[in-house]
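To keep things clear, I will list the structure first and then write my remarks on it.
The values are calculated or read from the model by the stated rules, or taken from the named source; none is laboratory data. All figures in this text were calculated on a predicted structure; none of them were measured in a lab. Neighbour counts run over all protein chains shown; Cβ positions are idealised from the backbone, glycine included. Areas reflect the complete protein model, heavy atoms only, side chains present, ligands, DNA and RNA absent. Shrake-Rupley method; radii C 1.70, N 1.55, O 1.52, S 1.80 Å.
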Amino acid sequence: MIKKKVMIILIAAMIMICSLTACQKTGDETESSDWQRERTVEKTTVETEISGTEQETIPQGNADLLAFLTDSPEYKASEEWREFDDGYDTDFAILEQVGNEPVDPDYEYEAYCCYSPEMEEKIEEICEKYGLTKLSGFRIVDDYNDLCSKAGIGDFCERASENVKQTILSSYMYDGAFLMEGIAALAGSSIHEVSYQFSRVVKGYFTSAYLDFGDLTECNVRAYTTKKGENVFFANITNEGWGEKIYIIADREKSFIVINVLGDMSSDITDVNDERLELLADAFDFTAIP
């Protein structure tokens with residue numbers, strides 16, 4: 001699948017997200033306002049109880065807690081592909097020669113924005129080197145329950161509770177690996193709305209996206225135990241190219257889970273002790289994903 005095609009897919013996904021959001025706002029606006037007013041009244045008399053025992057803060061610059069991820073073949077394959085792709089066809093001359101012709105839906109390199117024999121060869125080399133399988137079977141999934149069913153996982157998203165109200169916007173998947181986008185209203189000491197990307201990387205498959213964190217020498221990491229008893233990690237990673245980004249990362253038996261925190265919430269969070277990260281992590285049942 002060539003890069004131009006990827007842009008078309010992304011634009012289509014954005015249109016779908018906007019349409020879904022517009023429909024959902026019509027039905028959810030009153031409910032959301034009532035929910036927020038109710039939470040505000042509660043905060044005048046009751047302090048929100050933060051789940052879990054006191055958490056340990058890891059000194060800045062320590063990425064050792066993420067070794068389970070960075071030492072994995074899936075992460076190393078993603079990094080090698082990123083390094084190759086960053087230095088390949090930098091003037092887009094090859095891409096211009098290829099053009100924007102439709103790609104066969106059964107094209108075996110579709111998941112990797114691939115448009116040349118050299119890229120295909122590199123993908124094969126990476127898969128052989130790290131013992132991974134190529135992703136296939138791309139599909140857009142516009143229903144949360146359908147996503148869970150097709151990905152072979154349980155109900156992992158807590159959509160309405162005392163401290164959170166979530167709206168699922170869109171999702172797509174390959175071979176059980178998926179990206180789901182959503183919005184969560186979090187009610188801690190104050191109410192905040194946050195957009196996020198929830199991605200599942202299936203172990204044993206070569207996934208070129210979702211694990212691209214760049215240089216991890218400047219990061220702040222904290223371990224946290226969710227109210228469901230699952231260990232996750234809050235990571236504030238600084239890179240020259242994109243500045244600071246916030247992630248919630250979990251290691252499952254068959255998967256890596258990466259939640260990319262987007263929008264205003266990520267721009268004003270620089271401390272991994274922020275209670276909003278705990279509230280967002282508690283909004284998911286990671287044990288439902290093997």
With the 1.4 Å probe rolled over protein heavy atoms, the stretch 52-185 has an accessible area per residue in Å² of 51
Length gain on complete extension for the stretch Ala223 to Ser149, per 0.36 nm per residue less the alpha carbon to alpha carbon distance?
23.6 nm
Stokes-Einstein at 25 °C, 0.890 mPa s, Kirkwood radius from Cα pairs: D for the stretch 94-164 in µm² s⁻¹?
158
May I ask which of Lys76/Lys227; Lys150/Lys245; Lys228/Lys254; Lys122/Lys254 have a Cα-Cα span longer than 28 Å here?
Lys76/Lys227; Lys150/Lys245
Specify which residue in the list Gly182, Asn163, Leu147 is farthest towards the positive end of the charge dipole of the stretch 97-192, using unit charges on the beta carbon of Lys, Arg (+1) and Asp, Glu (-1), about the Cα centre.
Asn163
Quick check: at a probe of 1.4 Å, how many percent of the accessible area of the stretch 159-290 sits on carbon and sulfur atoms?
43
Where the convex hull is taken over the Cα atoms of the stretch 150-290, what is its projected area averaged over directions, in nm²?
8.3
Could you give the nm distance between label points at Phe92 and Ala160, where each point is 7 Å from its Cα heading toward the beta carbon?
4.5
Please list, in order along the stretch 82-88, the HN-Hα scalar couplings obtained from phi with the Karplus expression 6.51 cos²θ - 1.76 cosθ + 1.60 (θ = phi - 60°), rounded to whole Hz, x for Gly and Pro.
4, 4, 5, 5, 5, x, 9
What are the ³J(HN,Hα) couplings of the stretch 132-143, residue after residue, when phi is run through the Karplus curve with 6.51, -1.76, 1.60 and θ = phi - 60°? Round to Hz, x for glycine and proline.
10, 9, 5, 6, 7, x, 4, 7, 8, 10, 9, 9
